[in-house]
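Down below is the structure, laid out as structure tokens.
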Amino acid sequence: MLKKFTILIALASPFLLFNKASADISRGYPLKSSIWKYNDIPVCWENFGQSTSAEREWVRSAIHNSWEKHSQVSFHGWGQCQRSSSGIRISVEDKGPHVKKLGRYLDGYRNGMVLNFTYNNWGGDACKFNRQWCSEVIAVHEFGHALGFAHEQNRPDTPDSCKDAPQGTNGDILIGPWDKDSVMNYCNPRYNNHGQLSATDIKMVRQFYDLDPVVIFSQEAYAAFLGNKVTLDASRSYHPKGDNLDFLWDLGDGNVDSSSVPVYEHQYLSRGTYSVTLTASDGARRSGADTVTVNVYGVEVLIPALTLLLN
Ligand SMILES: [Zn+2]
């Protein structure tokens, strides 16, 4: 009995095909540990003077039209910082705009981001006479740092043609080629890419801040004998923010069923290879899905095993 069982497993293993979609990988230079654990990030102003209400609005709309427009990240609050305010705390000062830390290391950090609205001491005439433009494109860059993204020209694969020195904290994830067009790249001939996220800036922010539900099956493929039920187990699926999930099972044989649990038993009525897609939804606008193969086979696969046993 044990021997027969062993042979069956050996026969079944070629059916276990690798069928996982590869992860979408973007470019950029993020510092993984600095990525915020959530995607609605508080912002406040250390010096909330009425005289800067127009300038503060420039910043807010520049962020809305860049990072927020292209991903699920959102920045909320934008009022006067209190002593215990968390999130990004912006100080308006007439000096070089910067952040003191990357990403979530700014959480609650006093004067953690410095923005300039007047440009008397920094930025030269270019900014002094284009205050709105400078304030907007610089805010997009600094908020990139606040999301955990380091300077593109800090990457070790920066080409020799880029003469700007590395500056500030490095990232620690190096994926995809160097991106000349990034808003995070000093060597971009368009200053801060004029506040427009590059295609790869967009991929990067989506990769880290679009919090879709994640579907994970217990196996990369399933096998079952005709007449037996197969148990499809995706109980490791999760919502990044812990929200409840609803599941839609497309069993690949014309049957589609919804369920509140990520485990499903099904009996296929004929031999063949089926593609099962499970979609997890959070009841709002987000969903995630994965597909696995189910091989349903009949007694014919036993024949070589039986022949072996009989010999
Ligand atoms: Zn910078």
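Quick notes on this structure:
- Around the Cα centre of the chain, unit charges on the Cβ atoms of Lys, Arg, Asp and Glu (plus for the first two, minus for the last two) sum to a dipole of about 560 debye.
- Karplus-derived HN-Hα couplings along region 265-281 (A = 6.51, B = -1.76, C = 1.60, θ = phi - 60°), whole Hz, x at Gly and Pro: 9, 8, 10, 8, 9, 8, 5, x, 10, 10, 9, 9, 10, 10, 10, 9, 10
- Taking other C-beta atoms within 10 angstrom as a stand-in for reagent exposure, L248, L232 fall in the order L248, L232, fewest first.
- Computed [θ] at 222 nm, deg cm²/dmol, the chain (DSSP H ≥ 4; -39,500 (n - 2.57); rounded to nearest 500): -6000 deg cm²/dmol
- Theoretical gain in end-to-end length, D210 to S235 [0.36 nm per residue, Cα-Cα removed]: 6.8 nm
- On full extension, the segment bounded by S61 and A126 gains 21.3 nm, given 0.36 nm per residue less the C-alpha separation.
- Cβ charges +1 (Lys, Arg) and -1 (Asp, Glu), total dipole of region 152-273, debye: 140 debye
- Between I173, I138, I41, the Gaussian network model of the chain with springs among Cα atoms under 10 angstrom shows the greatest mean-square fluctuation at I173.
- When DSSP beta bridges are restricted to pairs lying wholly in region 213-310, around 85% turn out antiparallel.
- Inter-site label distance for Q72 and C187 at 7 Å from Cα along Cβ, in nm: 3.4 nm
- A simple spin-label model places pseudo-atoms 7 Å from Cα toward Cβ; at K37 and D157 they are separated by 3.2 nm.
- Rough spin-label spacing in nm, given labels placed 7 Å along Cα→Cβ, for N244 and S86: 2.4 nm
- Along the axis of the charge dipole computed for region 46-113 (Cβ charges of +1 for Lys and Arg, -1 for Asp and Glu, origin at the Cα centre), the listed residues V59, I90, Y105 are led at the positive end by Y105.
- Phi to ³J(HN,Hα) by Karplus 6.51 cos²θ - 1.76 cosθ + 1.60 over region 216-229, Hz, x for Gly, Pro: 10, 8, 5, 9, 7, 7, 10, 10, 8, 7, 4, x, 9, 7
- By the count of other C-beta atoms within 10 Å, a proxy for reagent exposure, W67, W58, W45 are ordered fewest to most as W58, W45, W67.
- Placing a label point 7 Å from the Cα of S259 along the Cα-to-Cβ direction, the residues of region 203-231 with a backbone N closer than 13 Å are 217-218, 229-231.
- Stretch gain in nm, segment D172-T277, where the contour uses 0.36 nm per residue and the Cα spacing is subtracted: 34.4 nm
- Anisotropy class of region 32-209 from Cα gyration tensor, a/c 1.5 cut: oblate
- Remark: for residue pairs K37/K100; K37/K203; K100/K203; K100/K180; K95/K128, the C-alpha separation exceeds 22 Å in K100/K203; K100/K180.
- Here the residues E300, E57, ranked from fewest to most Cβ neighbours within 10 Å of their Cβ, fall in the order E300, E57.
Read-outs: derived from the displayed coordinates by stated rules, not from any lab. These figures come from a predicted structure and were not determined experimentally. Cβ sites come from the backbone with ideal geometry, for glycine too, and all protein chains shown count toward neighbours.
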